[in-house]
Amino acid sequence: MTLTTSTRPAPATAPAPAKAPRTSAASHLTDEQVEALGAELDAIRDEVMGSRGERDARYIHKVLLAQRSLEVGGRALLLFSKFPPAWLAGTAALSVAKILDNMELGHNILHGQWDWMRDAKIHSTKWEWDHADPSEFWQKSHNFEHHTFTNIEGLDRDLGYSIMRVTPEQEWSPKYLIQPLTNLGLSLIFEWGIAIYDIELDRVQSGEKSWKEARSSIGRILRKVRKQLAKDYVVYPLLSGPSALNTIAANFTANTVRNLWSHAVIFCGHFPDGTETFDESRLEGETRGQWYVRQMLGSANLSGGKTFHLMTGNLSHQIEHHLFPDMPSNRYAEIAPRVKDICERYGLPYTIGSLPRQYGKVLRKIARLAFPGGHERYGTPVAEQAPRVRPLAVAPRADAAGPARLAS
């Protein structure tokens with residue numbers, strides 16, 4: 001398939017206030033330096049992908065066992081959820097199990113990170129996760145659209161998820177005035193919001209998608225939703241007998257905890273201060289090196305320990321994940337220092353911070369951009385500052401160049 005830029009008509013809203021021409025933190029790099037940077041990242045990828053083996057297999061099977069044990073243990077405890085200690089322990093175990101299922105297992109398995117093992121239990125074409133959104137819908141909107149068109153306005157629909165203004169280049173509309181509340185609501189029902197988002201109602205409204213196609217999507221989602229609702233709010237509560245209502249409350253709590261956590265981690269990976277967005281012209285003739293640079297500038301990392309990284313599905317290494325989305329997630333921590341070193345040597349930002357700090361920045365941005373004048377705070381990106389470290393004078397490797405987006 002050949003990727004093309006969008007030709008959709010501009011929305012009928014008031015034009016955004018004039019801003020200075022956008023500059024990038026990579027504007028000081030020459031074409032040769034960009035491709036040399038790409039060659040270094042290619043070398044890291046080749047090294048890691050060529051060394052996948054037994055320790056990686058042990059890791060993913062260990063995570064899978066832990067997740068299933070937590071889920072079984074949590075469900076078993078909730079059979080006695082009428083008793084507060086059992087309710088608390090069961091809800092906590094089920095919450096962690098659901099987070100692991102979505103983040104470290106589902107998200108990464110659906111990227112094909114473990115397909116090389118040829119294990120049907122963890123293969124991207126076979127996996128169905130504990131989530132309202134069918135796996136094949138997620139793979140289209142996330143794996144293809146988001147990871148191909150990362151932070152490209154008009155093409156990456158994950159920028160604001162079609163309901164919020166998260167970059168000053170987005171035209172302001174009165175509907176954004178309530179976006180702090182919209183964001184709060186989305187965080188509470190995140191899995192359901194993603195499922196609705198993947199129906200692509202915005203594209204139906206613009207005429208890019210027919211209602212017939214939308215109805216087909218709705219039907220597929222409803223079939224998945226029925227299974228989710230039956231499992232959490234009918235089958236397991238009935239098994240609890242006199243504890244049924246307590247089990248319903250526990251399942252609801254676990255789903256809400258999972259939604260809040262995944263929302264925070266995902267938003268911190270793309271929307272805090274320091275990340276860049278791009279217009280469609282960026283795609284014209286984009287080489288592999290330029291694609292790598294866009295991924296680094298459009299992503300942000302979270303700092304923390306091993307358990308924290310596991311619970312984020314290693315999306316705390318969002319920069320590394322966007323550079324190599326099909327690389328086993330347990331390898332991101334080991335290559336992160338090398339990626340950071342490349343950023344420093346080439347004078348590029350390596351955006352990272354704690355979860356509270358980064359999420360605070362996200363919430364501040366959402367609040368400020370809710371208003372027409374909110375662009376003034378973000379109209380002059382950090383990228384306009386001169387890099388503190390000038391790039392090294394390096395020559396590109398002979399085989400480094402090559403488009404990142406291939407026709408297939």
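The values are calculated or read from the model by the stated rules, or taken from the named source; none is laboratory data. Not measured: the values here are computed from a predicted model. Heads up: the accessible areas ignore ligands, DNA and RNA and are worked out on the full protein's heavy atoms, side chains in. Shrake-Rupley method; radii C 1.70, N 1.55, O 1.52, S 1.80 Å.
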Taking K175 as the anchor, which aspartates and glutamates have their alpha carbon closer than 15 Å to its alpha carbon, excluding any fewer than eight residues away along the same chain? D202
Once ligands and nucleic acids are excluded and a 1.4 Å probe is used, how much of H146 is accessible, expressed in Å² to the nearest 10? 10
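So what is the relative contact order of region 52-139, in percent, for Cα pairs below 8 Å that sit 6 or more residues apart? Numbers along the way, then the final one.
Numbers: 76 pairs, mean separation 18.5, N = 88.
The normalised contact order for region 52-139 reaches 21 percent.
Hey, can you find the accessible area per residue of the chain for me, probe 1.4 Å, expressed in square angstrom? Kindly include the intermediate steps, with their values, before the conclusion.
On the way: 18440 Å² over 408 residues.
About 45 Å² of surface per residue is accessible.
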Sequence gap at least 6, Cα distance under 8 Å: using those rules, report the relative contact order of the chain to the nearest whole percent. 29
Which of E54, E35, E200 ends up with the largest GNM mean-square fluctuation for the chain, with Cα atoms connected below 10 Å? E54
Evaluate the relative contact order of region 163-250 (contact order divided by residue number), counting alpha-carbon pairs under 8 angstrom at least 6 apart; express in whole percent. 13
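What percentage of all Cα-Cα pairs in region 124-203 are separated by more than 22 Å?
Numbers: 875 of 3160 pairs.
It works out to 28 percent of all Cα pairs.
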Can you list the lysines whose alpha carbon is less than 29 Å from that of K126, not counting same-chain residues fewer than 8 positions off? K62, K98, K140, K209, K212, K224, K227, K231, K306
Karplus (6.51, -1.76, 1.60) ³J(HN,Hα), θ = phi - 60°, over region 304-312, in Hz, Gly and Pro reported as x: x, x, 4, 5, 4, 4, 4, 5, 8
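By accessible area of protein heavy atoms, probe 1.4 Å, what ranking do K306, K98 get, highest first? Numbers along the way, then the final one.
Values: K306 185, K98 5 Å².
I get K306, K98, largest accessible area first.
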Quick one: order F267, F83 from most to least accessible surface, probe 1.4 Å. F83, F267
Cα pair distances exceeding 20 angstrom across region 233-301, given as percent: 57
Considering the chain as a Gaussian network with a 10 Å cut-off on Cα pairs, which listed residue, S95, S51, S135, attains the greatest mean-square fluctuation? S51
Heavy-atom accessible area of D115 with all protein chains present, probe 1.4 Å, nearest 10 Å²? 40
Across region 157-164, in residue order, what do the Karplus-derived ³J(HN,Hα) couplings come to in whole Hz, using 6.51 cos²θ - 1.76 cosθ + 1.60 with θ = phi - 60° and x for Gly and Pro? 5, 6, 6, x, 6, 6, 10, 9
Using a 1.4 angstrom probe on heavy atoms only, work out the carbon and sulfur share of the accessible area of the chain in %. 63
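Using a 1.4 angstrom probe with every protein chain in place, what is the largest-first accessible-area order of Y197, Y236? Each step should come with its number before you reach the end.
On the way: Y197 20, Y236 75 Å².
Accessible-area ranking of Y197, Y236, largest first: Y236, Y197.
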Which whole-Hz couplings ³J(HN,Hα) result when phi for each residue of region 287-303 is put into the Karplus expression 6.51 cos²θ - 1.76 cosθ + 1.60, θ = phi - 60°, listed in order with x for Gly and Pro? 8, 4, x, 5, 4, 4, 4, 4, 5, 5, 6, x, 10, 9, 9, 10, 8
In terms of the ratio Rg/(2.2 N^0.38 Å) built on C-alpha atoms, what value belongs to region 151-307? 1.28
Near the amide H of L302, under 5 Å away, which other amide H atoms are found, from residues 5 or more places off or on another chain, if H is placed in the peptide plane? H317, Q318, G353
